[in-house]
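For reference, the structure is listed below as structure tokens.
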Amino acid sequence: LGEQKAIDKIKAASGVAEKLKASAEYLKKNGKSQVRPRVAAYVSDEIGKVTDHNQRIRFVENFTKTFNLPEEADLIKPTWIESLLILNKFEDAFNEGSKYIERKPDDVIVLTQLSWAGANHARAQLQSSQPEQRLQFQTAVLPHSKNLEGKIWPPPHRAIIASPPRSVKAFCYQT
């Protein structure tokens, strides 16, 4: 009965800060409860709804202090990584992202976010660099139309026209 009251208090709390405070109180009395993962997921989802990314990062940090089990941290990491990327804190986002991806290599959303952000960050750096540096980058990365022997690479696509089998040729020419 006391556990349910604590859960109701978390749900009734206005704002994420109050929900985190109520969650900390809940965990003091019910830290080993089987409902703990659902409470962590609920609070994590509430943090994900916050649109101010600076505030969201503070809530994530508070969440990880309150909910300190590894599987609970994994609930909030995608939200944290997203906020770091949006705030252009690329080094932090890639550091946290690589740690997270080691544990959750199939998280397509985080992989996509990190890849997209990395590509955009590299492009922005390339556009802001000096013209001679851009030329060096393009020379090193972009494919060349000819290889060292002067042949076009990749070879142009050609349609393969197969000749009919001999029996068909023999039939067509016998009249």
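If you filter the range 62-94 down to residues that are polar (S, T, N, Q) and over 12 Å from the mean Cα position of the chain (by Cα), you find that the one that is farthest from L27 (Cα to Cα) is N88.
Applying a threshold of 8 Å to beta carbon distances and a minimum spacing of six or more residues, or different chains, the list of pairs starting in the range 83-104 at a residue that is open to solvent by less than 30 Å² (accessible area, probe 1.4 Å) and ending at one that is not in a helix (DSSP H, G or I) reads Y100/D107.
Checking the stated criteria, Q4 turns out not to satisfy the condition of being more than 24 Å from D92 (Cα to Cα), in a loop (DSSP other than H, G, I, E, B) and not hydrophobic (A, V, I, L, M, F, W, C). Screening the range 48-82 for residues that are open to solvent by 50 Å² or more (accessible area, probe 1.4 Å) and among the acidic types (D, E) and picking the one that is modelled with the lowest pLDDT gives E71. Inside the range 22-47, residues that are open to solvent by 30 Å² or more (accessible area, probe 1.4 Å) and in contact (Cβ under 8 Å) with a residue 40 or more places away in the chain make up a count of 1. Restricting attention to the range 1-13, and to residues there that are under 15 Å from S44 (Cα atoms) and not β-branched (V, I, T), which single residue is most open to solvent (accessible area, probe 1.4 Å)? So the residue we want is K11. Note on the range 105-114: among residues that are open to solvent by 90 Å² or more (accessible area, probe 1.4 Å) and over 12 Å from T79 (Cα atoms), the one that is farthest from the chain's Cα centre (by Cα) is D106.
The values are calculated or read from the model by the stated rules, or taken from the named source; none is laboratory data. Since the model is a prediction, treat every value here as computed from it, not as a measurement. Every residue, glycine among them, receives a Cβ derived from its backbone with ideal geometry; neighbour counts consider all protein chains shown. Quick note on the areas: whole protein, heavy atoms, side chains included, nothing else; ligands and nucleic acids left out. Shrake-Rupley method; radii C 1.70, N 1.55, O 1.52, S 1.80 Å.
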